[in-house]
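Working notes, structure below.
The values are calculated or read from the model by the stated rules, or taken from the named source; none is laboratory data. Predicted, not measured: the structure shown is a model, and the values here were computed from it. As a convention, Cβ positions derive from the backbone with ideal geometry for all residues, glycine included, and neighbour counts pool all protein chains shown. Note: accessible area is taken over every heavy atom of the protein model, side chains too, but ligands, DNA and RNA are not part of it. Shrake-Rupley method; radii C 1.70, N 1.55, O 1.52, S 1.80 Å.
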Amino acid sequence: MPSSGLKSFARWRDGLAPGHERDASGTLRIGGIAAHELAQRFDTPALCIDLRVLDDALNALLSAARAHEIGVSYAGKALLLPGLARHLQPYDIGIDVSSLGELVTVERAAFPAARVTLHGAGKSAAELDAACERRVGRIVADSLDELRALGNRTRCAGVELLLRLNTGIEAHTHEFVRTAGDESKFGIAPHELDEALALAREMGARLRGLHAHIGSQIADAAPFVANAQALLDALARVHAQAAFADADTIVVGGGFGVAMHADESELDIAATLAAIRAAVPANVRVEIEPGRAAIAAAGTSLYRVLAIKRFERRRYAIVDGSMADNPRPALYGASHHIVPVRASDAEPVATMVSGRSCENDRLGEAMLPADLRAGDLLAFCTTGAYTYSMASNYNRFPRPPVIALGAGDAALWARRESLEDVLRADT
Ligand code: LLP
């Protein structure tokens, strides 16, 4: 695992996303392969994962974390497939799962259970059973009722437990606010902590510590530090109970922001981890659980233009994907950088790129060459996180394939769904 080539790929260069380059003819290459070759071989839409970019991001995260003795788990909700779990296995990293589906995915990859943490804001009976059967290393309890449900299970004694707290810290991009926490459904309220500890004691759980995740795409260290301090205060309350004197861990969540465009600043993760560590005594173990910072930059979604429309005040490019495979723009107003695969000297024209779903879906607006035409390919950057994992079958569109690109080769992590796949559960 290289530890000094940290920024070799995972960085925007000349307006191109990490891992992207143009060959002599001006064609976009992704992960070292010409994008039109990928489209020819796998068809479009398709999600490409550049393993070099992923490895760089992982190495950057892990070496920064190691420098401050901070443990790392990957938040599987960002993207989870057996191929990815297998890829993560040699790294010094755990995986967070938040459903039985995510758990079975890591099990299929034979990812060690001891390195898996089970999350979830409302866990099903099957998920609680999985924790008691030790199919995961730890469970993060999110409510008093969940603790009661755990306590009703045989074999819950000795289970490794973390309590998710609602610290009332809400992160916004560059700042945070300390609130009563009422706006967030997550975690156990501070006034319920004593009751939670009583329930944990009754069930004979091994309480490892406390957890709080405060937001996503955070661009500043301050909210993380404030969250760590709030967790430390609560940990002192835990230590006041003799049974839990050895609870030594705070998990400060994920949420580390990434650049979505060449001119966007990116959270300095190394500096952020240093700031968190500086706020926490050495005898307290600190952990983080990034999703986006690990996988977002490695992803590129490839589309083919189906039609160009010129209305009076706006040009549209309709592509063969939609909000079904690329939901973040519609859900969050997220803006993914869009690049044409074929280089062109034609004048750039403001273009709304829309999908083919039966909605006025806007995947993104970009300055694209005036000669962009049906058949051309467009690449959406930084789609590794929360794009495939949040994709749906809206309009009964099959979900795209996920292609892992490494060492000049391409391997399927997930094949394209067939129509049969889409119709599978129908009666
Ligand atoms: N830990 C917990 C408990 C979480 O709920 C999350 C994300 C993470 C870690 C990882 O956060 P990250 O490092 O990836 O920001 N769908 C939204 C993001 C939702 C994040 C949900 N929780 C989006 O596409 O922007």
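Go through the range 47-63 and give me each residue that's under 17 Å from I276 (Cα atoms) and either free of Cβ contacts under 8 Å to residues at least 24 places away in the same chain or surrounded by 21 or more Cβ atoms within 10 Å (Cβ to Cβ) (or both).
Scanning the range 47-63 gives a single hit, L61.
Say we look at the range 77-130 and pick out the residues that are β-branched (V, I, T) and without any contact (Cβ under 8 Å) to a residue 40 or more places away in the chain; which of these is most open to solvent (accessible area, probe 1.4 Å)? First the steps, then the outcome.
Let us first name the residues in the range 77-130 that are β-branched (V, I, T), namely 93, 95, 97, 104-106, 116-117.
Retained after the next criterion (residues that are without any contact (Cβ under 8 Å) to a residue 40 or more places away in the chain): 93, 95, 97, 104-106, 116.
Numbers: I93: 9, I95: 0, V97: 1, V104: 58, T105: 28, V106: 1, V116: 1 Å².
Selected residue: V104.
Look at V136 and say whether it is farther than 30 Å from P340 by Cα, touching a residue at least 12 places away in the same chain (Cβ under 8 Å), in the same structural domain as H213 (by TED's automatic domain parsing) and within 15 Å of the ligand (Cβ to nearest atom).
Yes.
Looking at the range 66-76, is at least one residue away from the ligand (no atom under 13 Å from the Cβ), open to solvent by less than 10 Å² (accessible area, probe 1.4 Å), assigned to a helix (DSSP H, G or I) and of a type in the set (A, V, I, L, M, F, W, C)?
no
Condition check: at pLDDT below 95 and either in contact with a helix residue (DSSP H, G or I) (Cβ under 7 Å, 6 or more places away or on another chain) or open to solvent by less than 30 Å² (accessible area, probe 1.4 Å) (or both). Does P18 satisfy that? Outline the logic, then answer.
Working: at pLDDT below 95: yes; either in contact with a helix residue (DSSP H, G or I) (Cβ under 7 Å, 6 or more places away or on another chain) or open to solvent by less than 30 Å² (accessible area, probe 1.4 Å) (or both): yes.
The answer is yes for P18.
Answer yes or no as to whether A34 is modelled with pLDDT of 95 or more, in contact with a Ser or Thr (Cβ under 6 Å, 6 or more places away or on another chain) and closer than 28 Å to S344 by Cβ.
Yes: the conditions hold for A34.
This table checks each residue for (1) farther than 30 Å from A109 by Cβ; (2) of a type in the set (V, I, T); (3) in contact with a Lys or Arg (Cβ under 8 Å, 6 or more places away or on another chain).
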{"site": "M352", "(1), (2), (3)": "yes, no, yes"}
{"site": "G355", "(1), (2), (3)": "yes, no, no"}
{"site": "A366", "(1), (2), (3)": "yes, no, no"}
{"site": "D371", "(1), (2), (3)": "yes, no, no"}
{"site": "A379", "(1), (2), (3)": "no, no, no"}
{"site": "A404", "(1), (2), (3)": "no, no, no"}
{"site": "S418", "(1), (2), (3)": "no, no, no"}
{"site": "V422", "(1), (2), (3)": "no, yes, yes"}
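If the requirement is being modelled with pLDDT of 95 or more, in contact with a Gly (Cβ under 9 Å, 6 or more places away or on another chain) and more than 15 Å from the ligand (Cβ to nearest atom), which of these qualifies: G83, G158?
Only one candidate qualifies: G158.
Got a sec? Which of S124, S99 is within 16 Å of the ligand (Cβ to nearest atom) and modelled with pLDDT of 95 or more?
Just a single option satisfies the conditions, and that option is S99.
Applying the selection to the range 139-155, what residues are of a type in the set (K, R) and either within 26 Å of S184 (Cβ to Cβ) or free of Cβ contacts under 8 Å to residues at least 12 places away in the same chain (or both)?
Applying the first criterion (of a type in the set (K, R)) to the range 139-155 yields 148, 153, 155.
Scanning the range 139-155 gives a single hit, R148.
Given the conditions (1) open to solvent by 10 Å² or more (accessible area, probe 1.4 Å); (2) more than 14 Å from V104 (Cα to Cα), which single one is not true for L150?
Among (1) open to solvent by 10 Å² or more (accessible area, probe 1.4 Å); (2) more than 14 Å from V104 (Cα to Cα), the lone unmet condition for L150 is (1).
Does R108 fit the bill of being out of contact with any helix residue (DSSP H, G or I) (no Cβ under 7 Å at 6 or more places or on another chain) and away from the ligand (no atom under 16 Å from the Cβ)? So that I can check it myself, show each step before the final result.
Numbers: out of contact with any helix residue (DSSP H, G or I) (no Cβ under 7 Å at 6 or more places or on another chain): no; away from the ligand (no atom under 16 Å from the Cβ): yes.
Answer is no for this residue.
What are the pairs, 6+ residues apart or on separate chains, where a residue within the range 177-201 that is closer than 19 Å to I214 by Cβ has its Cβ under 8 Å from a residue that is more than 16 Å from the ligand (Cβ to nearest atom) and open to solvent by 80 Å² or more (accessible area, probe 1.4 Å)?
Listed pairs, sorted by first residue: L193/R237.
Suppose the filter is closer than 19 Å to Y386 by Cα and assigned to a helix (DSSP H, G or I); does H36 pass it?
Details: closer than 19 Å to Y386 by Cα: no; assigned to a helix (DSSP H, G or I): yes.
So H36 does not fit the description; no.
Can you pull out every residue in the range 124-157 that is touching a strand residue (DSSP E or B) at 6+ places or on another chain (Cβ under 8 Å), among the charged types (D, E, K, R) and within 18 Å of V251 (Cβ to Cβ)?
Correct list: R138, D142.
Consider L163 against the criteria (1) surrounded by fewer than 22 Cβ atoms within 10 Å (Cβ to Cβ); (2) in contact with a His (Cβ under 8 Å, 6 or more places away or on another chain): it satisfies all of them except one. Which criterion is unmet?
Going through (1) surrounded by fewer than 22 Cβ atoms within 10 Å (Cβ to Cβ); (2) in contact with a His (Cβ under 8 Å, 6 or more places away or on another chain) one by one, L163 breaks only (1).
If the requirement is being in the same structural domain as V251 (by TED's automatic domain parsing), crowded, with 22+ Cβ neighbours inside 10 Å and at positive phi, which of these qualifies: G158, G181, G187?
Exactly one of G158, G181, G187 is in the same structural domain as V251 (by TED's automatic domain parsing), crowded, with 22+ Cβ neighbours inside 10 Å and at positive phi, namely G187.
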